[in-house]
Structures are given as C-alpha cells and as structure tokens.
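Student: First, the structure itself, so that you have it in front of you.
The values are calculated or read from the model by the stated rules, or taken from the named source; none is laboratory data. Keep in mind that this is a model prediction, so the values were computed, not measured. All Cβ positions, glycine included, derive from the backbone under ideal geometry; neighbour counts span all protein chains shown.
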Amino acid sequence: MAKRSGRAAYAQAALDAAGVEGVLLLARHIHGDWGDLPVEDLAANELALLTGKRLLSSYDLPDRRSKIWIITEADRSVTTILLAEEY
C-alpha cells in the first residue's frame with residue numbers, strides 16, 4: 001500500500017470522456033491494486049514500496065482500447081492520473 005500519495009494531478013476530461021471515476025482508480029492504486037500490469041511491473045511496485053521508488057498502476061478502460069495510468073513519484077509528492085497515450 002502506498003502510505004503517502006501526495007497531491008493528485010489528473011486529466012479530468014480524459015476520465016470523463018472514458019466514463020471512469022478517477023477517485024475509484026486512485027483508491028485502488030493507494031491500496032496496492034496495481035491493475036493490469038505485467039508480472040515484472042507488479043514486482044517492481046512491491047520493491048518500490050520498500051525502497052521508495054516510483055509506483056505505477058494501469059487500468060483498462062471500458063472500451064478496452066485505452067488505459068489509465070496512475071503514477072506516484074518516488075518522493076511521494078505527486079500522484080498523476082493520465083491516459084497511457086499521454087505519457
């Protein structure tokens with residue numbers, strides 16, 4: 001679980017267009033539900049919790065063509081919610 005996630009920055013228009021509640025995805029991220037990640041990234045997140053590295057979650061949108069990424073910076077100052085293609 002990410003103990004501190006800092007300030008949340010997000011693209012509300014992207015979430016609205018996708019019909020996704022950003023706060024629900026943020027809650028999943030904060031509670032360690034990293035979404036749809038390959039096993040390597042899941043392991044990297046678990047290690048990041050111990051070593052203070054960046055955290056990444058990825059959630060498929062209902063259209064299954066796009067993804068929402070949530071990234072918490074290593075210093076835990078900011079968590080960003082964005083469409084994967086915006087990264």
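Student: Scan region 42-87 residue by residue and report those that are over 14 Å from residue 22 (Cα atoms), touching a Phe, Trp or Tyr at 6+ places or on another chain (Cβ under 7 Å) and not hydrophobic (A, V, I, L, M, F, W, C).
Tutor: 45, 87, listed by residue number.
Student: Restricting to strands (runs of 3 or more DSSP E) lying wholly in the chain: which have 3 or more residues that are at pLDDT 80 or above?
Tutor: Details: elements: 7-10, 55-60, 67-72, 78-83.
Qualifying strands (runs of 3 or more DSSP E): 55-60, 67-72, 78-83.
Student: Here's a follow-up. Looking at this structure, is residue 51 closer than 12 Å to residue 26 by Cα and of a type in the set (S, T, N, Q)?
Tutor: Details: closer than 12 Å to residue 26 by Cα: no; of a type in the set (S, T, N, Q): yes.
For residue 51, the condition - closer than 12 Å to residue 26 by Cα and of a type in the set (S, T, N, Q) - is not met.
Student: Using the structure shown, decide if residue 53 is of a type in the set (D, E, K, R) and touching a helix residue (DSSP H, G or I) at 6+ places or on another chain (Cβ under 6 Å). Reasoning before the result, please.
Tutor: Values: of a type in the set (D, E, K, R): yes; touching a helix residue (DSSP H, G or I) at 6+ places or on another chain (Cβ under 6 Å): no.
No, not satisfied.
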